[in-house]
Structure formats: C-alpha cells, structure tokens
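As structure tokens, the structure follows; a few thoughts come after it.
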Ligand code: FAD
C-alpha cells in the first residue's frame, strides 16, 4: 500500500535498521515511547536534533493507552486550587485540537448536581466559569446551567431522587494511543529514528557521564549499543526502574496510582451523554459513550506491584458498577455485562502525606550526576508543554545551537484537515460514497487514520480484501506493528471498544503479520496464545467464570 507523503515505518529488515542506528551518534536518546517520549521526539526533531526513541514493548503500551482518553483541563484540580495546572491544561486542549483535529474531538460533558454531592449548583457554576475562562473557551461554548427537568431530558437514566440540577461544559476526547503513534510518525517525518521492543538495560559512561545506552532487543534476542550526547528517561511508571539502572542506590520519586476502566455495551448501559459524576465515596467518575459502547472510570488507588503486571481486578470492576448504580437507574448491571476493561498507572511525583487522589498531576524534571534527565508526572493533555520544557533544557546543555520550540502550530498528521468542519465534511462525503458498504465504519476509520482512511478503503476494494485486513497492512507498513496486540490494542482500540472484532482478528492477524514480516511459524502460535490470554484478561472472563462456578 503506497501513501503519498507518508514515511514507511515497519519492522522489516530490523537488523539493518538497528545496525544503522548503532553507527550514528545521536544528540538525544529518549527512553520510553508513551505520549511523553513521543512528544519529546517530535519537539527535538523539529529543532534539528538527531533523535532516537527507544521503546521496550510497543509504542503507547504503558499508561498512554490506558487513560480516560480526555484532553481536559481537570476540573477537580480547580478544587485543589491548582490554578496554573488548570490554565495550562485548558489552553493545551485547544492546541491539541487544532494540531490533530481528527483525533481530538470536542465533547460536551454533563455534571449532574446531586444531593450531598461534591459540588453545589452555585460552586460548580462559578468553578466551571473560572475553568472556561482559564482555558479561554469561546463564549458560545461556555458552561450552561441546566434545570433538573432539562438534565433528565438529556440523560433520562439519572437517578431523579438525588438529582437537583446540572451543568453542561466543554471538554475534548481523544484516542491516547493513536495520538502517541501519530506524534512518533510526525517525529519520523522530521528524521527522528524510533524502534519498539528495544529495552534500555544499561548505560554507557565516559568520565562518569552518560554517553549512550545498552539495549536488549526483545525481537532479535540481541544486545545493542547506541551513542548520544543526552539521554531523557520518559519511562512513566518504569521511571524508578530505569533510574536504578543508572544509580542502583537512587531513592524513589514515584508514587504509582492505579486507575481502572470498564466497558459496557450501549444496549445494556443506555447512557447518551458523557457524564462526570460523584461516586458514593466522593470520588469523581467519567462515563463516556463511544461507538457502540460506554466506558466508565476511573479508580484511583495506590499501586505497589510491578508496572508490567496491571489489569482491572474484580474489586475495581465492582467499585465502578456500584458507582454507576449510585448515580443512574442501573440496578440490573452485573459483572457479566462488562465487555472489556483496562487499567493503567499514573506515574505521579511523591508528595509527603498525600494520598493518590490528592497528589498533584504536575510534571517534574530530575537530573542525575551522570546526566540522565528524567521527566515524570504530568498528564496526557500536557504532553506538548512537558516536551518543550525538557527539550529546552537539553538545548541549554548542548554545545550546538538548537532553535526554539516549534510545536505550537505544528499539525501532527502528514495530510491534515485544515479545520474541524473540514474533518466532519470528509466523514460525511465518505459515508455517502461508501453507503453500499455497511461493514465500513467510516466515522471510526477517519477518526483513527485521518485522510489515510481513504487509501485504506481503496486498497481493500482494489485487492478484494476485507477492510480489517487493509487496516492491518497499513499499520504493518506505516506504524511498526509486530505483535497482533499492537494492532488490536494500540493501533485500533478494538480490544477495548469492539472486543468481538478483536477476537475475530486475533485468529487471522498473526498469519498476515507472519507473511508480511517473513517470520517463523512457531512465532505465530506463541503470539496467538498471548493475544487470546490478553483478551480473556480484558473481558474479565476468568472473574466471570469464578462467579458462575461459586
Ligand atoms: P507511559 O505511557 O507509561 O510510557 C512510558 C513508556 O516507557 C512505556 O511505553 C514503557 O514500555 C517504556 N519503557 C519503560 N522502561 C523502558 C526501558 N527500560 N526501555 C525502553 N522503554 C521503556 N491524562 C489526561 O490528560 N487525560 C486523561 O483522561 C487521563 N486519564 C488517565 C486515566 C488513568 C487511569 C491513568 C492511569 C492516567 C490518566 N492520565 C490522563 C494521565 C496520562 O495517561 C499519563 O500522564 C501519560 O499517559 C503518561 O505517559 P508517559 O509517556 O509518561 O508514560
């Protein structure tokens, strides 16, 4: 599949690529291909730095595919009087929407005001008005205070016994993993190198200063060295582990807070409207309709396990179901109704005496004596500002004169829409053109791949293959897929939002990948098992089976 202007980014001839990376000297090596590392790679490459991004598993396989998928100011940070954070996140929402409008969509959020809730109508109205102003929201888009009957008209499932009124306000919704991969593709357009399944296991030193990294290649089972002037660790919940590979006696800076989400079918959970509501214990929870499902989250609990081993537990799922039942008339819901789930870890900076919900979401930078620069904390929403801050620092520490940050108005997709209206019209035009193809979910395709949706469809038509296969061939050629889970989890989100399609694809994807990458048959059996195991974990099938047998 050939797409004009889009740089090939695949796992073919991997050993040649690794060898060529090993022969270069980079200005900057970035450890971790989540949103933070991806944002840094784009910022640094736009300034002319020679950049190598290294990811130990798949891009966005850490927290950056497990968030609530909102580009938001964080209303609850206003409650904690974090005015600076709210202002910055608020303005960054609009920047992200302008620079990647097929991925960052305006989303109206309903805040029901309830008896004994976190907000009264008065405080919520003032707080959201401040929130809108800090974020410079257009006057037509600012918050609206709604009567109880209007709220019930919009969301009839709300529990009218506790409902008093409501407020509708503006946020943005995204696909975190897609945003991450698009940032990496944009960095590659500016000559950055990037590779997945390459774990930094040690550092190289000269005169006690870091001059490179030593990596384990999980695909080829080899050790490789890469040289550079500066290293940034943006390894999210793995920050402490990476720091200890530089200084084994380093103390921990990280507080890991776990957040789980559950996904239900719209036919079981008929919520029409994205809602931000009080759980029975005062925490605030989101319920967000998307395609044919609604996802609900998040929990916020201290986590002390290994960051590689994270999933939604029975306790998390029951907590979220109970929270739903407290706010909506949904007494019939059980664990069996949960279609999928996910859990992630917020890599927060430790603050003495504060629990997970109270810790600031601010980011921080640490520099070790050997020169390892670590950035941690923060939010998906603030990725661009985090990148700017840390790349400014690298620039200051460099002998070369690298320019100023250029990401403020930089459109991320190689073939961007010039306005949101343009995006909406493109969707409508394709829906009209392919009306006869009921199996093409045009809205999903365009919000996933932008204008590349069209060549993906055309390739399917011209080669008489399914749209799913055409998508897979695209992600293999242009998005560095190696494992079926890379495709059904991070590149398409099917594992969360269309688990039946994920199950179907799990049976066929490995054959297509095997053929494309010319892999061994034994690989196929291993990845099929791993994929099916992951589908079981996400759909909570083990928990459901235990319930049936008890
Ligand atoms: P990660 O995405 O975890 O990336 C770190 C990467 O480093 C991983 O991919 C990992 O595999 C890699 N890595 C680790 N060690 C190595 C090594 N040795 N070598 C190579 N690679 C390595 N923010 C928002 O703005 N909006 C939200 O709606 C929102 N919701 C959230 C909900 C939940 C439940 C959680 C947990 C967080 C949420 N956040 C949200 C916060 C946001 O998701 C995170 O701040 C962000 O994703 C962190 O990105 P990161 O790149 O720093 O970390």
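The values are calculated or read from the model by the stated rules, or taken from the named source; none is laboratory data. This one's a predicted model, so the numbers in the text were calculated from it and none came from an experiment. We place every Cβ from the backbone using ideal geometry, glycine too, and count neighbours over all the protein chains shown.
The table for this structure:
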{"quantity": "Failed condition for residue 101, given (1) more than 25 Å from residue 185 (Cβ to Cβ); (2) in contact with a helix residue (DSSP H, G or I) (Cβ under 8 Å, 6 or more places away or on another chain); (3) away from the ligand (no atom under 13 Å from the Cβ)", "calculated": "(1)"}
{"quantity": "Conditions (1) surrounded by fewer than 24 Cβ atoms within 10 Å (Cβ to Cβ); (2) under 30 Å from residue 225 (Cα atoms); number of the one not met by residue 55", "calculated": "(1)"}
{"quantity": "Filter result for residue 435 (in a helix (DSSP H, G or I) and without any contact (Cβ under 8 Å) to a residue 60 or more places away in the chain)", "calculated": "no"}
{"quantity": "Output for the range 376-400, where each listed residue is part of a loop (DSSP other than H, G, I, E, B), within 16 Å of the ligand (Cβ to nearest atom) and out of contact with any helix residue (DSSP H, G or I) (no Cβ under 6 Å at 6 or more places or on another chain)", "calculated": "379"}
{"quantity": "Selection from the range 488-507 of residues that are surrounded by 24 or more Cβ atoms within 10 Å (Cβ to Cβ) and over 15 Å from residue 538 (Cβ atoms)", "calculated": "491"}
{"quantity": "Unique match (being in contact with a helix residue (DSSP H, G or I) (Cβ under 7 Å, 6 or more places away or on another chain) and more than 25 Å from residue 385 (Cα to Cα)) among 148, 164, 136", "calculated": "164"}
{"quantity": "Single residue of the range 333-347 satisfying the filter (touching a residue at least 60 places away in the same chain (Cβ under 8 Å) and away from the ligand (no atom under 14 Å from the Cβ)) that is nearest to residue 113 (Cα to Cα)", "calculated": "333"}
{"quantity": "Residue that is crowded, with 16+ Cβ neighbours inside 10 Å, free of Cβ contacts under 8 Å to residues at least 24 places away in the same chain and within 14 Å of the ligand (Cβ to nearest atom), where the choices are 217, 240", "calculated": "240"}
{"quantity": "Test: residue in the range 59-77 that is within 23 Å of residue 297 (Cα to Cα), more than 9 Å from the ligand (Cβ to nearest atom) and touching a strand residue (DSSP E or B) at 6+ places or on another chain (Cβ under 6 Å)", "calculated": "yes"}
{"quantity": "Subset of the range 364-375 (residues that are touching a helix residue (DSSP H, G or I) at 6+ places or on another chain (Cβ under 7 Å), touching a residue at least 40 places away in the same chain (Cβ under 8 Å) and surrounded by fewer than 24 Cβ atoms within 10 Å (Cβ to Cβ))", "calculated": "368, 370, 372, 373"}
{"quantity": "Among the residues listed as 217, 193, 175, 132, the single one being modelled with pLDDT under 95 and under 28 Å from the mean Cα position of the chain (by Cα)", "calculated": "132"}
{"quantity": "Residue check for residue 403: closer than 14 Å to residue 233 by Cβ, in a loop (DSSP other than H, G, I, E, B) and either touching a strand residue (DSSP E or B) at 6+ places or on another chain (Cβ under 6 Å) or modelled with pLDDT under 95 (or both)", "calculated": "no"}
